[in-house]
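Engineer: My questions all concern the structure below.
Please treat every number below as a calculation from the coordinates, not as lab data. All values reported here derive from a predicted model rather than from experimental measurement. Here the Cβ positions follow ideal geometry from the backbone for every residue, glycine too, while neighbour counts run over all protein chains shown.
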2 protein chains.
Amino acid sequence: MITEAAKKTVTPETLLTAMSWRYAVKKFDAAGRIPADKWAALEQSLVLSPSSYGLQALKFLVIEDKDLRAKLRPASWDQSQITDADKLVVFLVRKDAGPADVQRFVDRISEVRRVPAEMLEGYKQTMLQSVSLPPEKVEAWLTRQVYIALGNFLTSAALLGVDACPMEGFDKDKYDELLGLHAKGWKSVVVATAGARASDDAYARNAKVRFPLSELVEHI
Amino acid sequence: MITEAAKKTVTPETLLTAMSWRYAVKKFDAAGRIPADKWAALEQSLVLSPSSYGLQALKFLVIEDKDLRAKLRPASWDQSQITDADKLVVFLVRKDAGPADVQRFVDRISEVRRVPAEMLEGYKQTMLQSVSLPPEKVEAWLTRQVYIALGNFLTSAALLGVDACPMEGFDKDKYDELLGLHAKGWKSVVVATAGARASDDAYARNAKVRFPLSELVEHI
């Protein structure tokens, strides 16, 4: 079935050009700004990210406060992206996710699709089973969903011609403390910075290193 | 810095149209085929997926064998996507990742960038530290990288107008057994099916349920 929306697609060449163009930016142009319409689209793409069951036990913190960013930098191995990138997004996962998160989502489905909550009972029970696993398993599972959003964000940014850098090298406990996350029921998972690469970022000129397709993709 | 490649970008509207168009397909058109150039691009996009350090301790198994797919279906809650989608990809993570994986990657950097391995010693030591953490932590970390590839794949597919369905609902041990993964040093992580939605897949008509942007994205 070809829908109208499906006709508005990109070519394989456009996709691969964007993905080859992107790299983990080491040095941002501190004066570089992402056009407002592109940033708005990137925020929407975060919202539209798929997650298991659609549960969305996650959140995206966009840190605008310069002082706060200056405080986060030493907790990020002093990497310059934290202060120099136009945008800094901290990806969060729900802490101690449980029945209340499931209920909130069920209520949202009911609201958006205008279906009575009773019709969603089976789906709800399945989700309740998933969140009743040991807490560390639930958190690991929900954290993986956050990484779907990260992958989506990086690809979306590349397609819009926005530079980005995913960052795992930061002190999560320190972030959680500086951002007051625990008390609000959240934990920091991963960071993405976005903006414009500095013209003298030597990393931009490095050849992209990937194993050959013949090693990474196997057909059986 | 505006590079040539950056000029070949998509508009925010194209990105968001694609992301709104996609959904987790429940029923594929069993006769639907993905055009070869689009599938080739999707395999390349998997290869180009970012991962921590660029280590790529992962692999993508594309299951063509119909008999094998029939055997995997009962291990996947009997979901029809496993046999009806044009493509079935099992995303794998390296089992017991360690120094050999780091060395293999360092050798690859050295080969692609034509730099002596000695120049990569610092980077190598950092990676060796990461893989020397307790095995379950290393596996959880590398598994999260696989989810970046999943997010990238789903967004890439949507942009190419290719339908897809991510699937966590399968018996990993059974998959590992049927695919003979452990002996080869791999573990199944997550599945993605891709093809064309059936014209009567009722799920295609469901409104997409997301929490409002004002709840998922917070500016501070």
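Engineer: What are the label-to-label distances in nm, one decimal and shortest first, from A:LYS208 to the same spot in the other copies, with labels 7 Å along Cα to Cβ?
Structural biologist: Result for A:LYS208, in nm, nearest copy first: 2.4.
Engineer: In whole Å, what are the Cα extents of region B:127-218 along the three principal axes, biggest one first?
Structural biologist: Largest to smallest, the principal-axis extents are 46, 41, 23 Å.
Engineer: In region A:26-87, which chymotrypsin sites (Phe, Trp or Tyr not before Pro) are in a loop and have at most 13 other Cβ atoms within 10 Å, using DSSP for the loop call?
Structural biologist: The qualifying sites are A:TRP77.
Engineer: May I ask you to list the lysines whose Cα is less than 17 Å away from that of B:LYS184, ignoring any residue fewer than eight positions away on the same chain?
Structural biologist: The qualifying lysines are B:LYS59, B:LYS95, B:LYS172, B:LYS174.
Engineer: So what's the gap between the Cα centers of region A:30-95 and region B:8-84, to the nearest angstrom?
Structural biologist: Rounded to whole Å, the Cα centres lie 27 Å apart.
Engineer: Here's another thing I want to ask about it. When all alpha-carbon pairs of chain B are counted, what percent fall beyond 22 Å?
Structural biologist: Here the tail beyond 22 Å accounts for 59 percent of pairs.
Engineer: If you count, for each residue, the other Cβ atoms within 10 Å and average over each peptide, how do A:188-200, A:151-163 line up from highest to lowest?
Structural biologist: Sorting A:188-200, A:151-163 by mean packing, highest first, produces A:151-163, A:188-200.
Engineer: Helix-only estimate, please: 222 nm mean residue ellipticity of chain A, summing -39500 (n - 2.57) across DSSP H runs of length 4 or more and dividing by its residues, to the nearest 500.
Structural biologist: -14000 deg cm²/dmol
Engineer: Mean-square fluctuation check for chain A, GNM, Cα pairs under 10 Å: which of A:PRO12, A:PRO166, A:PRO74 is largest?
Structural biologist: In this elastic network of chain A, the residue with the biggest mean-square fluctuation among A:PRO12, A:PRO166, A:PRO74 is A:PRO12.
Engineer: Next up: Which residue, B:ARG73, B:ARG94, B:ARG22, tops the fluctuation ranking in a GNM of chain B built on C-alpha contacts under 10 Å?
Structural biologist: B:ARG73
Engineer: Considering only the label points, 7 Å along Cα→Cβ from Cα, what distances in nm to one decimal separate A:ALA100 from the same position in each other copy, shortest first?
Structural biologist: Relative to the other copies, A:ALA100 has label-point distances of 4.8 nm.
Engineer: Report the Rg/Rh value for the protein assembly as shown, based on alpha-carbon coordinates and the Kirkwood definition of Rh.
Structural biologist: Taking Rg over the Kirkwood Rh, I get 0.94.
Engineer: For B:LYS27, go through the lysines and keep the ones whose alpha-carbon is under 20 Å away, minus same-chain ones fewer than eight residues off.
Structural biologist: Cα-Cα hits under 20 Å: B:LYS66, B:LYS71, B:LYS87, B:LYS208.
Engineer: Give the residues of region B:11-34 whose amide nitrogen is closer than 18 Å to a point set 7 Å from the Cα of B:ASP78 in the direction of its Cβ.
Structural biologist: B:26-28
Engineer: Here is a follow-up. Can you run the Rg to Rh ratio on region B:27-107? Use alpha carbon positions and the Kirkwood inverse-distance Rh.
Structural biologist: In region B:27-107, Rg relative to Rh is 1.06.
Engineer: When chain A is turned about an axis onto chain B, which of its residues keeps its C-beta closest to that axis, and how many Å is it?
Structural biologist: Nearest to the symmetry axis by Cβ: A:GLY151, 1.
Engineer: From the label point of B:ALA31, set 7 Å along Cα to the beta carbon, how far off in nm is each other copy's matching point, shortest first?
Structural biologist: 6.1
Engineer: Next question, about the same structure. Taking only C-alpha pairs under 8 Å that are 6+ residues apart, what is the relative contact order of chain A in percent?
Structural biologist: 34
Engineer: Now a separate question. Counting partner chain Cβ atoms within 10 Å of every residue's Cβ in B:14-25, what's the average?
Structural biologist: 6
Engineer: Now a separate question. What translational D, rounded to a whole number of µm²/s, comes out for region A:73-171 from Stokes-Einstein when the hydrodynamic radius is the Kirkwood one over Cα pairs, at 25 °C and 0.890 mPa s?
Structural biologist: Estimated diffusion coefficient is 151 µm²/s.
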